[in-house]
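The structure appears below as structure tokens.
The values are calculated or read from the model by the stated rules, or taken from the named source; none is laboratory data. Since this is a predicted model, take the numbers as computed values, not measurements. As a convention, Cβ positions derive from the backbone with ideal geometry for all residues, glycine included, and neighbour counts pool all protein chains shown. Protein only, heavy atoms only, side chains kept; ligands, DNA and RNA dropped before computing areas. Shrake-Rupley method; radii C 1.70, N 1.55, O 1.52, S 1.80 Å.
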Amino acid sequence: MTDLMSYDDAMAAFDPAMGLEVHVELNTATKMFCGCPTEFGAEPNTQTCPTCLGLPGSLPVVNGKAIESAMRIGLALNCEIAEWCRFARKNYFYPDMPKNFQTSQYDEPIAFDGYLDVEVDGEIFRVDIERAHMEEDTGKSLHVGGSTGRIQGADYSLVDYNRAGIPLIEIVTRPIMGAGEKAPAVAKAYVATLRDLLLGLDVSDVRMEQGSMRCDVNLSLSPKGAGTLGTRTETKNVNSLRSVERAARYEVSRQAALLAAGGSILQETRHWHEDTGVTTAGREKSDADDYRYFPEPDLVPVAPSREWVAELKAGLPEPLRDKRARLQGDWGFTDLEMRDVVASDAVGLIEETIAAGSSPQAARKWWVAELTRRANEDGVELTELPITPEQVARIQALVDEGAINDKLARQVFDGVLAGEGEPDAVVAARGLAVVSDDGALGEAIDRAIAANPDVADKIREGKVAAAGALIGAVMKDMRGQADAGRVRELVLEKLS
Amino acid sequence: MPEITRDEVAHLATLARIDLSDAELDHLAPQLSVILESVASITGVAGDDVPPTSHAIPLTNVFRDDVVTPSLTAEQALAMAPASEQQRFLVPRILGDEQ
Amino acid sequence: MAADLASGATTSVALTRAHLDRISAVDGAVHALLHVDAEGALAQAAASDARRAAGSPASGLDGVPIAVKDVLATEGLPTTCGSKILEGWVPPYDATVAARLRAAGLPILGKTNMDEFAMGSSTEHSAYGPTHNPWDLDRIPGGSGGGSAAAVAAFEAPLAIGTDTGGSIRQPGAVTGTVGVKPTYGGVSRYGLVAMANSLDQAGPVTRTVLDSALLHEVIGGYDPMDSTSIDEPLGALADAARQGAAGDMTGVRIGVITELGGEGYQAGVQQRFDEAVALLVKAGAEVVEVSCPSFVHALAAYYLIMPSEASSNLARFDAMRYGLRVVPDGDPSAEDVMRASRDAGFGDEVKRRIILGTYALSSGYYDAYYGQAQKVRTLISRDFEAAFAQADVLVSPTAPTTAFKIGAKLDDPVAMYLNDVATIPANLAGIPGLSLPAGLAPEDGLPVGFQVLAPALADDRLYRVGAALEALLENEWGGALLDRAPALEEATA
Ligand SMILES: [Mg+2]
Ligand SMILES: [Zn+2]
């Protein structure tokens, strides 16, 4: 069992430094170096050609749209755009990499020296971007045999090259220092902000659960106040926003325990396990990692003109922080409300819910209060909950129409999240409509009067305020489905 | 003078994924040393003022439009595979980490 | 031949069949071809005849059969690159050169032998056995495109395609008495050319006459969007330049003789035939200047670092996972074990040597001293060429330092083998075009000598003008083509 130090104790003794490497699949129609389609979920090996299969004699040709997307990402991250840069070959053998080298960028990235400001608890942290470079994705392996379906212990593997050659942008931060105990939260906020920025640019689907955005978390600790960089680990497979924070906290606790016990950190790759919430050791970095980079001779240099760069810069969407300020004004949220919305990662969802007809406050109430709690309980991202902004808007519309009340609405959420269909179907199937039928209500009122004769007498005596107790009893009897307004009218009518 | 040892050749063969026999290693190491000696004259020929040439004919910005072209069928893609299963390339068990 | 087809004196089917018969008769001795596609070639020939009968030939060479070096992908035809690791590989696509040949109506007779993955200067490094020089079957036909040159020299094919990374079209041309051209880098698409050294490789014509090369060059050359290094500019009027040159007038043409490519290290008879050819050009009105290219002494070293470096990376894809030979060792082998065993069994000695050398030159700690330096030497060589072309329209040298040597003579001495390319390599490093044509037979051994013409990038037409002029002048001296003097192979075979 791995020794762990409590997070608070670890933070009392050490300063963390974090670096994030995020791989983003672009949403171009074709691959980086060939005209094969990039659509997700196609039949295996139906989106390949001589080039992306690495057949002898085939040659790459750069997708101009991918270059444009890379530059727009760089510009949105406040980066410099290279005046001249090349692709390089990163040489290593792996069965899902058709050429046994990855065409990537090495010491000449297309974008470099930028930053992204992220907000945590109302505080702005500036994350420095070292580089954003272009490369290509690998194929995907299915591991057959063994008990786990994982690579270890498998008898053999089956490779599908549909994904091989899909354009990737790798965005690498400089070490994030000085965030102290908030470092894991900053990391999560960085990935969330980056995702929103990429969505705004419309350059990627950024679906972490489909692998179109993948994150590696590098983390090291140094003694508190030392201002040095310790030995880092590189945790791979961190593929959800929650995991970014959890994996970082786990590595803090693990490394702190090791260091406190007089041990040292191994520079290694580690793997994050979403299910168990731990990292395990992978490959140790060694001098066998000699990638023998050299300029790709089959491709010519990329030298974007300054005019092109200026044109792309002018066409960038509104910066994220400006947009948030604008939305807060439009929606009339207080600073505190907006902070909760951002912390819940609900800005985009609320925007869409409002677009589907809901009021801002209602949209905020459901996403931030109700659904965030459910996402946390289920251990998933808010965006991963199986409910759409349109469905949330429809549920609120049902409330507004008086067909259901807030209490019933929660049951409609239960139904939609359980996969019982659209809100109206859930209402119908569960019989959740508010009862305002006088017959049914009358019977319940009669039962309530019979059970509470003294209360009834008080009302008859003119103490109208006592009606609340009877209404409560009726509502309880009707399991919340009664129209409370009508119940009050009927009670007063009967006892006057 | 560049001298390439038997151990270095063995390491390079590992990097290059070639299973060289002992006899091949014995044979190759001295041959490579001779070849390296014959090319060693190149070190120091050109100074920092000489830019390297990676492409003899200087071209830049050769791009393709983002337009789908026909792919091979899975049958064509797999036709020359040493082994396949479930419309995928069958490869022996993979050592090391998930990539 | 094209003229006979045009006039109706012969048909493509007749021509193709005649060459297939010739292959049957002599290729047992020459071994120029690895794969013969009689059925396919005859079908293409019949289609060509039909086009001609309908009055719509696809090109000037429609119907003239051709042999293609086995390093170019041909859809439906085996493509082995002379290697065991690709035995039986049939590509699902055509190289652009192959596609252009088909589109122009040239029936493909088959695929020619070569040094494994084009690594060699003698075609002895083919996994399928060596090709023999038609002038003397005990000698090498040059390499790596020895099969293409020998096929043309032995009249097994009127035309062939070769590829030239360090001289693999020109040097075989020189030692077999044929014409070979390495076009400007980027002038002929590399799409489908199985790469040895991507920044140096270039496909080109192998023929009996300079005009044939120009005509073939026009068919295969020109911009191809599938090759990012392809030049999007017109090729120039190559065949016209050859026709103009054949008139033999060299007045006003400045010819630079490269000091560093001649003299010491060059066989006396080779140097003699070269000097005589230069004298003929002078007699025809050319002006001759001596030019010095001091960086050429480092060309061989730069080449033998760049080429194996690029090759080591290119050949990594042959890993037994997707295609090619798979050797499964005993026990419970991992993918890695299978890769290592397959690559050991599938690659020959020379390929392994170069992969190891390239892996070394690229590895961290050595990159700057080797690969980085070699790239700088490329710059120096280009500058030398630039200075030389300021003084001369074309540059000339012997193509190879010696005539064909005996099979087996240099097999155990890689460095001596590499010296064969000393005169051809600079053009590859600088990306400029070069042509080799026969300059006669060396007096001491009676074997063909090659004369090399080099021109600035994109001035391929100058090669054809000067080459055709010299060819006309020499044939006038000899009273016919050099190949007419080659020994009759039927007797050797019989
Ligand atoms: Mg990367
Ligand atoms: Zn493709």
Largest to smallest principal axis extent of the C-alpha atoms in region B:1-45, angstrom = 35, 18, 12
ask   = How long are the three semi-axes of the equivalent ellipsoid for region C:151-242, computed from the Cα gyration tensor as the root of 5 times each eigenvalue, in whole Å, largest first?
value = 21, 16, 10
message = What is the distance in Å between the Cα centroid of region A:14-57 and that of region C:394-426?
response = 44 Å
key: Label-point gap, in nm, between residue C:476 and residue A:39 - each point 7 angstrom along Cα→Cβ   = 6.7 nm
ask   = Distance in nm between label sites at residue A:306 and residue A:318, each 7 Å beyond Cα in the beta-carbon direction?
value = 3.1 nm
task = Go ahead and run the numbers for FRET between residue C:233 and residue A:361, Cβ-Cβ distance against an R0 of 45 Å, rounding to 0.05.
result = 0.10
ask   = How big is the gap, in Å, between the Cα center of region B:45-99 and the Cα center of region C:101-172?
value = 28 Å
Between helix A:64-76 and chain A: long-axis angle, C-alpha atoms, 0 to 90°, nearest 10 = 70 degrees
remark   = Summing +1 per Lys or Arg and -1 per Asp or Glu among the other residues with Cβ less than 11 Å from residue A:122's Cβ gives -4
ask   = What angle, in degrees between 0 and 90 and rounded to the nearest 10, separates the Cα long axis of helix B:22-39 from the longest principal axis of the Cα atoms of chain B?
value = 60 degrees
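Just subtract the alpha-carbon distance of residue A:397 and residue A:283 from 0.36 nm times their residue separation and send over the number in nm, one decimal. Numbers along the way, then the final one.
On the way: separation 114, 0.36 × 114 = 41.04 nm, distance 5.40 nm.
Full extension from residue A:397 to residue A:283 adds 35.6 nm.
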task = Between beta-carbons, use under 12 Å as the cut-off and find the net charge around residue A:358, counting Lys and Arg +1, Asp and Glu -1.
result = -1
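Largest first, how would A:177, B:80, A:213, A:475 line up by accessible area (1.4 Å probe)? Walk me through the numbers before you get to the answer.
Working: A:177 100, B:80 65, A:213 0, A:475 40 Å².
Accessible-area ranking of A:177, B:80, A:213, A:475, largest first: A:177, B:80, A:475, A:213.
Order A:268, B:37, A:318 by their accessible area, 1.4 angstrom probe, all chains in place, largest first. Present the calculation step by step, with values, prior to reporting the outcome.
Details: A:268 15, B:37 105, A:318 80 Å².
Output order, biggest surface exposure first: B:37, A:318, A:268.
When the Kirkwood radius is taken over all Cα pairs of the protein assembly as shown, what Stokes-Einstein diffusion coefficient follows at 4 °C and 1.567 mPa s, in µm²/s? Walk me through the numbers before you get to the answer.
Numbers: Rh = 33.2 Å.
The estimated diffusion coefficient comes to 39 µm²/s.
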inquiry  = Suppose the chain between residue A:486 and residue A:325 were pulled fully straight at 0.36 nm per residue; how much longer would it get relative to their current alpha carbon spacing?
reply    = 53.7 nm
task = Could you work out, residue by residue across A:153-163, how many beta carbons of other chains sit within 10 Å of that residue's beta carbon, and then give the average as an integer?
result = 5
note = Extension length gain for residue A:336 and residue A:267 (0.36 nm per residue less Cα distance), in nm, is 20.7 nm
message = With angles folded into 0 to 90 degrees, how steeply does helix A:241-260 sit against the dominant principal axis of chain A? Use alpha carbons for both and round to 10.
response = 60 degrees
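May I ask which of A:90/C:69; A:31/A:140; A:99/A:140 have a Cα-Cα span longer than 19 Å here? Display every interim value, and only then the final one.
Numbers: A:90/C:69 30 Å; A:31/A:140 15 Å; A:99/A:140 14 Å.
Beyond 19 Å between Cα atoms: A:90/C:69.
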remark   = Heavy-atom accessible area of residue C:298, protein chains in place, probe 1.4 angstrom, given in Å² to nearest 10, is 40 Å²
task = With viscosity set to 1.306 mPa s and temperature to 10 °C, compute the Stokes-Einstein D of region C:3-150, Rh being the Kirkwood radius across alpha carbon pairs; µm²/s, no decimals.
result = 102 µm²/s
request  = Obtain the nm distance between the two label points defined at residue A:276 and residue A:377 by a simple spin-label model: each point lies 7 Å from its Cα along the Cα-to-C-beta direction.
outcome  = 2.8 nm
query = Cα centroid distance between region C:1-76 and region A:222-291, in Å?
reply = 65 Å
